[in-house]
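Okay, so here's the structure we're looking at.
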Amino acid sequence: MAANPLAIQSYALLDDAECEDRIVAAKEKLGDAVVILGHHYQREEVFRHADRTGDSLKLSRQAAASGARYIVFCGVHFMAEVADILSGPEQVAILPDLAAGCSMADMAELAKVERAWRELTEVLGDADATVTPVTYINSAADLKAFCGRHGGIVCTSSNAARVLEWAFARRDKVLFFPDQHLGRNTGWAMGIPLEAMAVWDYDQPYGGLTPEQIRRARILLWKGYCSVHQMFRPEHIDAFKARYPEAKVVSHPECSFEVCRKSDAVGSTESIIRTVAESPPGTRWLVGTELNLVNRLHERHKHEGKSVHFMAPTVCMCSTMFRIDPQHLAWTLENLVEGRVVNRIRVPEDVAAQAREALDRMLEVSP
Ligand code: 13P
Ligand code: SF4
């Protein structure tokens, strides 16, 4: 039997140059029917085909505003879910490789968050009256839905402070998941002392905390983290500053508290890009975020005499973002040209409706 030319196996052996031509040709044929959204961590061979690029917040807005029939998301699974939730019913969100997940998002699952909610209710009385659940956008749709039905909200790395203000205006405490670092860094920048933030170990009963610790905490920080951003260490900053005392440091808030405290600026991928772009010519930067973005920044600004360095001494990339390769993108687009949708991301409508509530609250408070 002849091999199906539109099966993914037929693309696996194509080289990047051939994929490049085929992606361009398929995009041309699809015209306005397709929009390709690309996160800043995407590899260059994919990123250059994106019609719109951005951080998680900007891309959510692009997805909501796009009129295209097909939204091809070059990013990770939770981003494509958000695109599906915020786009119209006739639109189709697609993730070119379904294995492009997010290890941090996987650290929080609904059953464990619901258990935490029951335990908080035991200790504090009705958790719905005392705690606002806040989920980082890096989470599955059912957790956004949990926040929607419990009066909570979603945040991204670019609006976390505004979201926490919104949350505290409603209840005294916040359960923040899944990234402890974003929660801690944001809380601390808002003036909440470290002693008022307790880590909730989701594998322990009551998060491994005593009733007194739970009562005292203003933010309960889910014990999740990003495996990429945890690689950046304060020692890397010290060593770099010893070599280049005039250098500046900018980090993503998924980095540890110690790294963020030693950084001159902390912000989302979009804000890191802006910070480097707006710095005077000749500035030297040490950047604590994913390698593909750091390399792109270096290339973009080297002609201005700026030099952009990666914070870790070892290569650490987001391996799941890297799953989206030119082969999968060519496969996705050529199938669309033939009227076939592959890798559709579809959030069940009951989950999507509740998740949309939490996302809409976020979009309302975002600058
Ligand atoms: P941004 O929203 O800053 O782009 O971050 C997304 C992400 O996954 C960072 O690891
Ligand atoms: Fe998830 Fe970290 Fe990759 Fe971002 S960099 S998508 S948080 S694993």
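What follows is calculated from the coordinates using simple rules that are stated; it is not laboratory data. On a predicted model such as this, the values are computed, not experimentally measured, just so you know. Neighbour counts run over all protein chains shown; Cβ positions are idealised from the backbone, glycine included.
Given axes a ≥ b ≥ c from the Cα gyration tensor, I'd like to know whether the range 133-255 is rounded (a/c under 1.5), prolate (a/b larger than b/c) or oblate. Provide the component values of the computation, followed by the final result.
Working: a/c = 1.91, a/b = 1.70, b/c = 1.12.
Since a/c reaches 1.5 and a/b is larger than b/c, the shape of the range 133-255 is classed as prolate.
For the range 212-338, what is the Kirkwood estimate of the hydrodynamic radius, computed as the reciprocal of the mean inverse distance between distinct Cα atoms, to one decimal in Å? Don't jump to the answer; show the numbers that get you there.
Values: mean 1/r = 0.0609 Å⁻¹.
It is 16.4 Å.
Provide the per-residue ³J(HN,Hα) series for the range 242-256, in order, calculated from phi with Karplus coefficients 6.51, -1.76, 1.60 and θ = phi - 60°, each as a whole number of Hz, with x at glycine and proline positions.
Each residue of the range 242-256 in turn: 5, 7, 10, x, 7, 5, 10, 10, 10, 9, 7, x, 7, 6, 5 Hz.
List the GluC sites (Glu not before Pro) in the range 224-303 that DSSP assigns to loop (not H, G, I, E or B) and whose Cβ has at most 14 other Cβ atoms within 10 Å. Which are they?
On the way: sites: Glu235, Glu246, Glu254, Glu258, Glu270, Glu278, Glu290, Glu299; in loops: Glu246, Glu254, Glu290.
Of the GluC sites (Glu not before Pro), the ones in loops of the range 224-303 whose Cβ has at most 14 other Cβ atoms within 10 Å are Glu246.
Using the Karplus curve 6.51 cos²θ - 1.76 cosθ + 1.60 with θ = phi - 60°, work out ³J(HN,Hα) for each residue of the range 294-300 in order, rounded to whole Hz, and write x for Gly and Pro.
So the Karplus estimates, Gly and Pro as x, are 5, 4, 5, 4, 4, 4, 5 Hz.
Report for the range 3-138 the percent antiparallel among DSSP-assigned beta bridges with both residues inside it, nearest 5.
Details: 0 of 11 bridges.
Rounded to the nearest five, the antiparallel share is 0 percent.
Label-point separation (nm) for Asp350 and Arg243, each offset 7 Å from Cα along Cα-to-Cβ?
Result for the modelled spin labels: 5.6 nm.
Is the shape of the chain best called rounded, prolate or oblate, per the rule: a/c under 1.5 gives rounded, else a/b larger than b/c gives prolate, else oblate, with a ≥ b ≥ c the square roots of the Cα gyration tensor eigenvalues?
It comes out oblate by the Cα gyration axes.
Find how much the distance from Leu194 to Glu299 grows on full extension, using 0.36 nm per residue of separation minus their present alpha carbon separation; answer in nm with one decimal.
Details: separation 105, 0.36 × 105 = 37.80 nm, distance 3.82 nm.
Roughly 34.0 nm would be gained on extension.
Between Val341 and Ser366, how many nm apart are label points set 7 Å from Cα along the C-beta direction?
2.3
Along Cα→Cβ, 7 Å out, is where each label goes; now give me the distance between the ones at Ala3 and Asp201 in nm to one decimal.
Label at Ala3, label at Asp201, 5.0 nm between them.
Compute a Gaussian network model of the chain, connecting alpha carbons closer than 10 Å, and tell me which residue from Leu13, Leu57, Leu164 fluctuates the most.
Among Leu13, Leu57, Leu164, the largest GNM mean-square fluctuation belongs to Leu13.
For the range 52-151, which GluC sites (Glu not before Pro) are in a loop by DSSP, counting at most 13 other Cβ atoms within 10 Å?
Values: sites: Glu81, Glu90, Glu109, Glu114, Glu119, Glu122; in loops: Glu90, Glu109.
When the GluC sites (Glu not before Pro) of the range 52-151 are filtered for loop state and at most 13 Cβ neighbours within 10 Å, Glu90 remain.
Distance cut-off 32 Å, Cα to Cα: go down the list Lys173/Lys306; Lys27/Lys262; Lys27/Lys112; Lys29/Lys58 and report the pairs above it. Walk me through the intermediate numbers first.
Numbers: Lys173/Lys306 43 Å; Lys27/Lys262 44 Å; Lys27/Lys112 42 Å; Lys29/Lys58 27 Å.
Flagged as over cut-off: Lys173/Lys306; Lys27/Lys262; Lys27/Lys112.
List, in order, the whole-Hz ³J(HN,Hα) value for each residue of the range 35-40 obtained from phi through the Karplus relation with A = 6.51, B = -1.76, C = 1.60 and θ = phi - 60°; use x for Gly and Pro.
My calculation for the range 35-40 gives 10, 9, 9, x, 6, 4 Hz in order.
Taking the DSSP beta bridges in the chain as the whole, what percent of them are antiparallel, to the nearest 5?
Working: 2 of 39 bridges.
Approximately 5 percent, going by the DSSP bridge assignments.
Please state, as a whole number in µm²/s, the translational diffusion coefficient that the Stokes-Einstein equation yields for the range 1-115 at 20 °C and 1.002 mPa s, with Rh defined as the Kirkwood radius across alpha carbon pairs.
Details: Rh = 15.6 Å.
D, rounded to a whole number, is 138 µm²/s.
Over the chain, calculate the relative contact order: mean separation of alpha carbon pairs under 8 Å at least 6 apart, over the residue count, as a percent. Please report the intermediate quantities before stating the final value.
Details: 733 pairs, mean separation 83.6, N = 367.
About 23 percent, as a whole number.
Pick from Leu14, Leu175, Leu37 the residue whose mean-square fluctuation is largest in a GNM of the chain, springs joining Cα atoms under 10 Å.
So, out of Leu14, Leu175, Leu37, the one fluctuating most is Leu14.
If I build a Gaussian network model for the chain, linking alpha-carbon pairs within less than 10 angstrom, which residue out of Gly187, Gly75, Gly88 has the largest mean-square fluctuation?
Its mean-square fluctuation being the largest, the pick is Gly88.
Normalised by the residues of the range 211-301, what does the relative contact order come to in percent, with Cα pairs under 8 Å and at least six apart? Don't jump to the answer; show the numbers that get you there.
On the way: 94 pairs, mean separation 25.6, N = 91.
It comes to 28 percent, rounded to a whole number.
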